[in-house]
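Enquirer: This is the structure, below, for whatever I ask next.
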Amino acid sequence: MAVDITLSVNGVPYPLTVDPHASLLHTVRGDVGLTGSKEGCDDSECGACMMLVDGRPVNSCSYLAVQADGSDVTTVEGLSDGETLAPLQEAFLTRGGVQCGFCTPGMLVSATALLDRSPDPSEDEIRTAVSGNLCRCTGYDGIVKAIAAVAAERAAQG
Amino acid sequence: MSTATSMTTSASSRTYVEARDVATAVAAMSAGARPIAGGTDLVVGARHGKAPLPAALVGIHRIPGLGDVAPTDGGGLRIGALVTHATLMADPTVLASYPGLADASAIVGSHATRANGTLGGNVMNSSPAMDTGAPLLCHGGVAVLVGPVGERRVALADLWTGPGRSTAAPDELLVAVELDALPAGGASGSSYVRLQYRRQMEIAIVGAGAVVTLGADGTVTGAKVAITALAPVIHRVAESEAALVGTDGGFEAAKAAGAAAAAAARPISDVRGSADYRRAMAAVITRRAVLTAVRRARGESVPVPASDTTFGS
């Protein structure tokens, strides 16, 4: 029996009717129409589907859309200010944190969650935070440096 | 065509309700619904093909009052079933008094798993490899279950009966886990250490938890040891505990406790390790857990999670 829910995605409320077993990922990609979040493994190993739900990092492939009813969902599309990229996005570009780009939306969301809870993370904390996000291109080094650079910039700005 | 029809029928038979109180959740469970909180076992298990998602689900993730960590009247700790691993690993009381539980919570899955996976789900999943199980057992963990006829309390040692099996009825909802007060009669320390091939996104190949109490002269006056992924259920090892009490808690005593744990282990062989390897590592990992608990009891600082820092000990 389909269930009526409202998802607030990147600040925009979407009234939706979903199957109780529909994943948050499929609902956001298919019903809301935001395809930045990716489906990789579909079982919480790769992190390509990472979203924030009320600020918490969530593997949206393995989270039911019905459970996010009334929640604030943030996807990679919600990180930038219109066409102006977020500092993390700029840093990923300039530091070689992007190659094929498939993992990038999930990486950026995990990095956002990390800096929200730990503004000045050690390299160890950064590597721990993105360990649930698999990247088969970059070797992670550019990604880790990009996140560290944004944290350092923020610290310098006070 | 018949496949399409059956899929449609199946989809239309799916139901979901969100409970805002325990009574509503228990009523739904009595009618056949399965509870879901973080979904990190139930949904991921379905994705893996372990078991299909139940047709009837009741969301318990927003029930007020089940997400608190609070002291009990007896000086122990009550952990609500909806408390996440992320909360446990950062909770000041847990870090100060139950660091073994923080060790375990900090190495569950990834940061997303820890942010959503709950202690209640972890306990009721009844996995013999669950990281929080050994510390909970060592601290006298008791499950508080609420069913249609009321509340009952079950020691975790009596709750778990095998992989994925427990003595809880299908219509009983776990609302909290309660831990004993720290042992009296000296300074105590605790730890959880696992054998892991990587530091994150890992399941224990072998694990051990320990709580050690030291008297004023440094003698071990009390010890609790439990082993993980070494039997159908996580369980305490009385022989390891006996090997520690009355000693100085040094290397030889910890080694004896480890040997006793290996002797008590009944491991399986699977893709993550052979039974012989697990038995051999039971001695090493239990020794490391005991030595870490002793160091903490002595007031030394051992970073959480201990598993990352105990190599070579």
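Enquirer: Restricting to DSSP H runs of at least four residues, report the calculated mean residue ellipticity at 222 nm for chain A, -39500 (n - 2.57) per run over all residues, nearest 500 deg cm²/dmol.
Expert: -9000 deg cm²/dmol
Enquirer: Here is a further query. For the stretch A:23-158, what class follows from the C-alpha gyration tensor (a ≥ b ≥ c being the square roots of its eigenvalues): rounded when a/c is under 1.5, otherwise prolate if a/b is larger than b/c, else oblate? List each step's numbers first, then the result.
Expert: Details: a/c = 1.69, a/b = 1.49, b/c = 1.13.
Prolate is the answer for the stretch A:23-158, as a/c is 1.5 or above and a/b outweighs b/c.
Enquirer: Among all helices in chain B defined by DSSP H, which have a length of 18 Å or more along the axis from Cα atoms plus a Kyte-Doolittle mean of at least 0.5?
Expert: Details: long enough: B:251-264 (20 Å, 0.93); B:275-297 (32 Å, 0.10).
The qualifying helices are B:251-264.
Enquirer: Can you give me the relative contact order of the stretch B:124-257 as a percent, contacts being Cα pairs under 8 Å and 6 or more apart? Walk me through the intermediate numbers first.
Expert: Numbers: 297 pairs, mean separation 34.9, N = 134.
Dividing the mean separation by the residue count of the stretch B:124-257 yields 26 percent.
Enquirer: Mind giving me the nanometre distance, one decimal, between the label points for B:Ala181 and B:Ala157, set 7 Å out from Cα along Cα→Cβ?
Expert: Distance between label points: 2.1 nm.
Enquirer: Among A:Cys49, A:Cys41, what is the fewest-to-most ranking by other Cβ atoms within 10 Å?
Expert: The order, fewest Cβ neighbours first, is A:Cys41, A:Cys49.
Enquirer: What is the order of B:Phe251, A:Phe92, B:Phe311, A:Phe102, fewest Cβ neighbours within 10 Å to most? Before the final figure, lay out the partial values.
Expert: Details: B:Phe251 13, A:Phe92 26, B:Phe311 9, A:Phe102 18.
With the fewest neighbours first, B:Phe251, A:Phe92, B:Phe311, A:Phe102 line up as B:Phe311, B:Phe251, A:Phe102, A:Phe92.
Enquirer: Could you give the dipole magnitude of the stretch B:93-249 about its Cα centre, charging the beta-carbon of Lys and Arg +1 and that of Asp and Glu -1, in debye to the nearest 20? It would help to have the intermediate numbers written out before the result.
Expert: On the way: 9 positive and 13 negative charges, 81 e Å.
The dipole magnitude comes to about 400 debye.
Enquirer: Just the number, please: percent antiparallel of the DSSP beta bridges in the protein assembly as shown, rounded to the nearest 5. Each step should come with its number before you reach the end.
Expert: On the way: 56 of 65 bridges.
Antiparallel: roughly 85 percent of the beta bridges in the protein assembly as shown.
Enquirer: Provide the net charge surrounding B:Ala289, with neighbours chosen by a C-beta distance below 10 Å and charges set as Lys +1, Arg +1, Asp -1, Glu -1. Let's see the in-between values first.
Expert: Details: positive: B:Arg194, B:Arg287, B:Arg288; negative: B:Asp103.
That works out to +2.
Enquirer: Using a cut-off of 12 Å between beta-carbons, work out the net charge of the residues near A:Ser71 (Lys and Arg +1, Asp and Glu -1, A:Ser71 not included). Don't skip to the answer; put the middle values down first.
Expert: Working: positive: A:Arg56, B:Arg62; negative: A:Asp54, A:Asp69, A:Asp72, B:Glu18.
Local net charge: -2.
Enquirer: How charged is the neighbourhood of B:Pro35? Take every other residue with its Cβ under 14 Å from the Cβ of B:Pro35, and add Lys/Arg as +1 and Asp/Glu as -1. Show your work: numbers first, answer last.
Expert: On the way: positive: B:Arg20, B:Arg34, B:Arg62; negative: B:Glu18, B:Asp21, B:Asp41, B:Asp171, B:Glu172.
Spelling it out: positives minus negatives among the neighbours equals -2.
Enquirer: Counting DSSP beta bridges in the stretch B:1-144, what percent are antiparallel, to the nearest 5? Mind showing how you got there, number by number?
Expert: Values: 4 of 11 bridges.
Around 35 percent antiparallel, to the nearest 5.
Enquirer: Neighbour counts of other C-beta atoms within 10 Å: give me B:His85, B:His235, A:His26 arranged from fewest to most. Display every interim value, and only then the final one.
Expert: Details: B:His85 29, B:His235 22, A:His26 18.
Fewest-to-most Cβ neighbours within 10 Å comes out as A:His26, B:His235, B:His85.
Enquirer: Find the relative contact order for chain B and round it to a whole percent, using C-alpha pairs within less than 8 Å whose residues are 6+ positions apart.
Expert: On the way: 744 pairs, mean separation 49.3, N = 313.
Dividing the mean separation by the residue count of chain B yields 16 percent.
Enquirer: Please work out the Cα center distance from the stretch B:99-115 to the stretch B:51-73, rounded to the nearest Å.
Expert: A separation of 18 Å, based on Cα centres.
Enquirer: How about B:Lys50: which lysines have a C-alpha closer than 24 Å to its C-alpha, ignoring those fewer than 8 places off in the same chain?
Expert: Leaving aside lysines fewer than 8 places away in the same chain, those within reach of B:Lys50 are A:Lys38.
Enquirer: Once you have the Cα-Cα distance between B:Arg34 and B:Ala263, take 0.36 nm times their residue separation minus that, and quote the gain in nm to one decimal.
Expert: Numbers: separation 229, 0.36 × 229 = 82.44 nm, distance 3.82 nm.
Once the chain is fully extended between B:Arg34 and B:Ala263, it gains 78.6 nm.
Enquirer: Just to verify a number: FRET efficiency for A:Thr84 and B:His48, C-beta to C-beta distance, R0 = 35 Å, to 0.05? Display every interim value, and only then the final one.
Expert: Values: r = 40 Å, r/R0 = 1.15.
Approximately 0.30, to the nearest 0.05.
Enquirer: Next question, about the same structure. For chain A, what proportion of DSSP beta bridges, expressed in % and rounded to the nearest 5, is antiparallel?
Expert: 90
Enquirer: Let me ask another. Rounded to the nearest Å, what's the spacing between the alpha carbon centres of the stretch A:1-65 and the stretch B:120-188? Just the number, please.
Expert: 32
Enquirer: Roughly speaking, what is the stretch gain from B:Asp248 to B:Ala280, that is 0.36 nm per residue apart minus the C-alpha to C-alpha distance, in nm to one decimal? Can you show the working numbers first?
Expert: Numbers: separation 32, 0.36 × 32 = 11.52 nm, distance 2.42 nm.
Value of the extension gain: 9.1 nm.
Enquirer: How much length is gained if the chain between B:Ala27 and B:Asp68 is pulled fully straight, taking 0.36 nm per residue apart and subtracting their Cα-Cα distance, in nm to one decimal? Don't skip to the answer; put the middle values down first.
Expert: Working: separation 41, 0.36 × 41 = 14.76 nm, distance 2.29 nm.
Answer, rounded to one decimal: 12.5 nm.
Enquirer: Right, something else. Summing -39500 (n - 2.57) over the DSSP H runs of n ≥ 4 in chain B and dividing by its residue number, what mean residue ellipticity at 222 nm do you reach, to the nearest 500 deg cm²/dmol?
Expert: Values: 13 runs with 114 residues, N = 313.
Mean residue ellipticity, 222 nm, calculated: -10000 deg cm²/dmol.
Enquirer: Another one. Residues of A:53-60, mean number of Cβ from any other protein chain within 10 Å of their own Cβ, rounded to a whole number? Intermediate values should be presented prior to the final figure.
Expert: Values: counts 3, 0, 1, 8, 8, 7, 11, 1.
Whole-number average of other-chain Cβ neighbours for A:53-60 is 5.
Enquirer: By its C-alpha gyration tensor, with a ≥ b ≥ c as the square roots of the eigenvalues, how is chain B shaped: rounded for a/c under 1.5, else prolate for a/b larger than b/c, else oblate?
Expert: Values: a/c = 2.25, a/b = 1.63, b/c = 1.38.
It is prolate, given that a/c is not under 1.5 and a/b is the larger ratio.
Read the figures in this text as sums done on the coordinates, not as results from a lab. All values derive from a computational prediction rather than experimental measurement. For neighbour counting, all protein chains shown are included, and Cβ atoms are generated from backbone atoms with ideal geometry for every residue, glycine included.
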